[in-house]
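As structure tokens, the structure follows; a few thoughts come after it.
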Amino acid sequence: MNTPPKVRIRKLNDYEGFIEKFKPKKTTDDCGTPEWVYNFVVDWVDKNIMPLDEVEVVRPFWPGCDYTAHDYQPGEVVIDNPPFSILAKIRRYYNDRNIKYFLFAPALTLFSSPQSDDETFIFAFLEITYNNGATVRTSFATNMLGGEGVRVWVAGEMFKQFDKLKSEAGRASKPSRPKIIYPDAIITPSTLGRLAVRGIDLKIPAAECQFIRKLDTTIKHMYGGGFLLSERAAAERAAAERVAAGRAAAERAAAERAAERAAIKLELSPREAQISRDLNPQ
């Protein structure tokens, strides 16, 4: 069989790369919201921001949408996850038209563009995995508390409620396997991996171990098998783990102290200090 010309082979091998350039790229603007997450947020707004039983909640954002084309009516409130890249523009549009909103926003850039004196930043720091697989620490911006004069709300209770619901949802959709703790006299491949990453050096003589596939007290085989150690080797293994655990704790503490010493400590200027004093309630 004749070999195709070299140039044709190169083109064929690069075909996947060629068509990949024309596929739409997923960005944070494609973060569709899981239904249970959206329902949690709406329920939290209803209980903590304002009752929603007499208003119409609208969701004007979807792929390729034009949120300005929606015919916003008095009594409507927007609770939605907008494209993050134009979030400041969206908030400005709503504030200019007195449209009430409660919008998802990336937590780390939440303060980047204040829009209105009536706007409140709800800093909840929820770890949301969106429909496109992206996990984003999420907080919220709203103008629904304008009359209360709150600029920043650290919503720790919202975080706790969400985290609890997320854990429950995770257990319901994918039951977690019970953790198996083997006796010190048993080593498995996963056990050895844990010892290695802790920096433990351990040599077990052939005469002091015996290969096994399961314990007599279980019906399930060990994945990859394991070894039953002599009492002496098991004690040596346990002692090495205790030393490694203590060393790791000491290293973490030392690293934290070093980071504290190396930290750049900033101070207020006289002008900023005076502003801080002037902001005290009269």
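Hey, what did the stretch 133-282 get for relative contact order, percent, Cα under 8 Å, at least 6 apart?
Computed value for the stretch 133-282: 20 percent relative contact order.
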Quiz item: Applying the Karplus parametrisation 6.51 cos²θ - 1.76 cosθ + 1.60 with θ = phi - 60° to the phi angles of the stretch 129-134, what ³J(HN,Hα) value in whole Hz is obtained for each residue in order, glycine and proline being reported as x?
Solution: 9, 7, 5, 8, x, 6
Quiz item: Tell me, what ³J(HN,Hα) does each residue in the stretch 250-266 have, in order and in whole Hz, if you take phi through Karplus 6.51 cos²θ - 1.76 cosθ + 1.60 with θ = phi - 60° and put x for Gly and Pro?
Solution: 5, 5, 5, 5, 5, 5, 5, 5, 5, 5, 5, 5, 7, 5, 8, 9, 9
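For the stretch 26-111, build the convex hull from the C-alpha positions and give me its volume per residue in Å³.
For the stretch 26-111, the hull spanned by Cα atoms encloses 109 Å³ per residue.
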Self-check item: the chain, relative contact order in percent, only Cα pairs under 8 angstrom and at least six apart counted
Solution: 11
Quiz item: Comparing T218, T109, T120, which has the greatest mean-square fluctuation in the GNM of the chain with Cα pairs linked when under 10 Å apart?
Solution: T218
Quiz item: With every protein chain present, what accessible area does C209 have (1.4 Å probe, heavy atoms only), rounded to the nearest 10 Å²?
Solution: 40
Self-check item: Helix-only mean residue ellipticity at 222 nm for the chain, each DSSP H run of n ≥ 4 adding -39500 (n - 2.57), per residue, nearest 500
Solution: -12000 deg cm²/dmol
Self-check item: the chain: angle of helix 35-48 to the longest principal axis, Cα-based, in degrees nearest 10
Solution: 50
Quiz prompt | Pairs of alpha carbons in the chain whose separation is greater than 29 Å (percent) | solution = 62
Exercise. Quantify, in whole percent, the carbon and sulfur part of the accessible surface of the chain (1.4 Å probe; protein heavy atoms only).
Key: 56
Quiz item: Top mean-square fluctuation among Q161, Q73, Q210, Gaussian network model of the chain, C-alpha springs under 10 Å?
Solution: Q210
Quiz item: Spin-label point model (7 Å from Cα, Cβ direction): what's the K160 to T68 distance in nm?
Solution: 4.4
Exercise. Answer rounded, prolate or oblate for the stretch 131-282, using the Cα gyration tensor with square roots of eigenvalues a ≥ b ≥ c: rounded when a/c is under 1.5, else prolate when a/b is larger than b/c, else oblate.
Key: oblate
Self-check item: chymotrypsin sites (Phe, Trp or Tyr not before Pro) restricted to DSSP loop in the stretch 188-282 with at most 13 other C-beta within 10 Å
Solution: Y223
Practice problem: Mind telling me which of E76, E54, E119 comes out most flexible in a GNM of the chain, alpha-carbon contacts under 10 Å? | Solution: E54
Practice problem: Quote the accessible area belonging to E148 in square angstrom, nearest 10, computed with a 1.4 Å probe and with ligands, DNA and RNA left uncounted. | Solution: 120
Self-check item: Vicinal HN-Hα couplings computed from phi for the stretch 232-248 (Karplus, 6.51 cos²θ - 1.76 cosθ + 1.60; Hz; Gly/Pro x)
Solution: 5, 5, 4, 5, 5, 4, 5, 5, 5, 5, 5, 4, 5, 5, x, 5, 5
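The values are calculated or read from the model by the stated rules, or taken from the named source; none is laboratory data. This one's a predicted model, so the numbers in the text were calculated from it and none came from an experiment. Note that we place each Cβ from the backbone using ideal geometry, even for glycine, and neighbour counts take in every protein chain shown. Calculation scope for accessible area: heavy atoms of the full protein, side chains included, ligands and nucleic acids excluded. Shrake-Rupley method; radii C 1.70, N 1.55, O 1.52, S 1.80 Å.
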